[in-house]
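The values are calculated or read from the model by the stated rules, or taken from the named source; none is laboratory data. Quick caveat, the model's predicted, so the values are computed rather than measured. So basically every Cβ, Gly included, is an ideal-geometry build from the backbone, and we count neighbours across all protein chains shown.
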Amino acid sequence: MSYTAFLESKRHNSVMTGFDIDESDLNDKLYPFQKHCVQWALKRGRAALFEDCGLGKTPQQLEWAHRVSEYTDKPVLILAPLAVSEQTAREGKKFGIEVNVCRSQDGIRPGVNVTNYHMLHHFTPEYFGGVVLDESSILKNYDGHYRKMLTSFVSEMQFRLSATATPAPNDLIEIINQSDFLSILSGKEAIALYFIQDGNTTHAWRLKGHAERPFYQWLSSWSIAMRSPADLGYCDKHFKLPKLNTIQHVVDGTVTDGFLFAIEAQTLQDRRAARKESIGKRAGLCAELVNQSDRPWIVWCNLNSESEELARLIPDAVEVKGSDDNDHKRDALIGFSEGRYRVMVTKPSIAGHGLNWQHCSDMAFVGLSDSWEQYYQAVRRCWRFGQKREVNAHVVISEKEGAVLANIQRKEAQAEAMMENIVSAMEEGRHALVG
């Protein structure tokens, strides 16, 4: 038996655990491609939606949760990033779905309920008919204990939905978190089937040579990946992205003793040192850009010292730090959405998931981490379907940080290749998407 045939014999396709519903019975305000995704996810019972920002994951999640609640006669819980709960409730009103924002089991009502990820320990799993993970890629920001707690919480639930724009595309092993949550395959099973250690480490993995196509076929059996409705064969005339202008600003780097020019930082430690020594110059350049404008701005940073300096230099900025209490974070994030604050200064790890800030088309990155996903998610808060203006993303780095930008660009190419593979595998099996 060839290795390919062996893989095929071992390949696990998602078992359908849901129910049938006619697309014509779904919410009339959904686009045809959105109805298609909801119908498929309801039939699967446990499914993932990997859809680009602005394709309407929230209304799809709401309709899925509404129908599951009706079918099971139990409440459904949506877990969302901070401040996204209120945004979800507002979206529910547009689609005629009542959404209850709650913080504990005592606040649960029949139908669709939404809470913040951090509140999970206040809820009892037996009470719910299903769970939705909104912006599920945020789970990689939590430690293993939290992920285990979440997996345990849903272990007996028939209905689970995972939704994100970025299924960790530049780190394929992270997709296993999604599979684990949905009880498709455990991490150990998926790794044994499709992956091999990459080098002399137990933490880095890559796809086995002959397993690449079977892996994407397996992935497409329990997920829908979509960059635009055209990926599912639907009209995409209402889903055209505006132009994204990426403007790079390079401040002078500090010259290393013995060299005529600044030496590009290569190691993670070197890059962190380069960021710290150029904070003043980078923050000053960014503040000049923001202060000479009267439009909304998002200023993304990675270090607390960057955040503090930017908040000091930009008088009308509201700063959101990880150490802030949730009430301040919620007020600031919602206040920026509502226009009460003109400038938001924060980190992608805090506000880079789930929030729709289409009222803003100017942002700045005051330095970059090595995370392509954080950069991508941060950009997509503004650059998304529905944005009416060109989006300007200013990247302010020091000379020494050039390797960071190159690393992100490399991961971006990997991400595009992965999405292309999923969509291609999905195209091959499109006849199976609705059973």
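Scanning region 109-129 for residues that are buried (at least 18 other Cβ atoms within 10 Å of the Cβ) and of a type in the set (Val, Ile, Thr) turns up Val112, Val114, Thr115. Picking from residues in region 171-214 that are acidic (Asp, Glu) and at pLDDT below 75, the one that is surrounded by the fewest Cβ atoms within 10 Å (Cβ to Cβ) is Asp198. I need the full set of residues from region 34-60 which are in a helix (DSSP H, G or I) and touching a strand residue (DSSP E or B) at 6+ places or on another chain (Cβ under 6 Å), in order please. Once the filter is applied, which keeps residues that are in a helix (DSSP H, G or I) and touching a strand residue (DSSP E or B) at 6+ places or on another chain (Cβ under 6 Å), region 34-60 yields Cys37, Ala41, Lys57. Determine if region 61-73 includes at least one residue that is surrounded by fewer than 24 Cβ atoms within 10 Å (Cβ to Cβ) and either assigned to a strand (DSSP E or B) or among the β-branched types (Val, Ile, Thr) (or both). There is at least one residue in region 61-73 that is surrounded by fewer than 24 Cβ atoms within 10 Å (Cβ to Cβ) and either assigned to a strand (DSSP E or B) or among the β-branched types (Val, Ile, Thr) (or both). The combined condition, being out of contact with any helix residue (DSSP H, G or I) (no Cβ under 8 Å at 6 or more places or on another chain), at pLDDT 95 or above and either assigned to a helix (DSSP H, G or I) or hydrophobic (A, V, I, L, M, F, W, C) (or both), is not fulfilled by Glu309. When the criteria are applied in full, Asp52 meets the requirement of being modelled with pLDDT under 95 and either surrounded by fewer than 24 Cβ atoms within 10 Å (Cβ to Cβ) or touching a Gly at 6+ places or on another chain (Cβ under 7 Å) (or both).
The set of residues in region 76-99 being out of contact with any Lys or Arg (no Cβ under 9 Å at 6 or more places or on another chain) and part of a loop (DSSP other than H, G, I, E, B) consists of Pro81, Ile97.
Cβ-Cβ distances below 8 Å connect the following pairs, each with a first residue in region 151-164 that is free of Cβ contacts under 8 Å to residues at least 40 places away in the same chain, a second residue that is acidic (Asp, Glu), and a separation of six or more residues or different chains: Thr151/Asp180; Glu156/Glu126. Restricting the first member to region 335-348 and to residues that are at pLDDT 95 or above, and the second to residues that are among the acidic types (Asp, Glu), the beta-carbon pairs closer than 8 Å and six or more apart or on different chains are Tyr341/Asp316; Arg342/Asp294; Arg342/Asp316; Val343/Asp316; Val345/Glu319; Thr346/Glu319.
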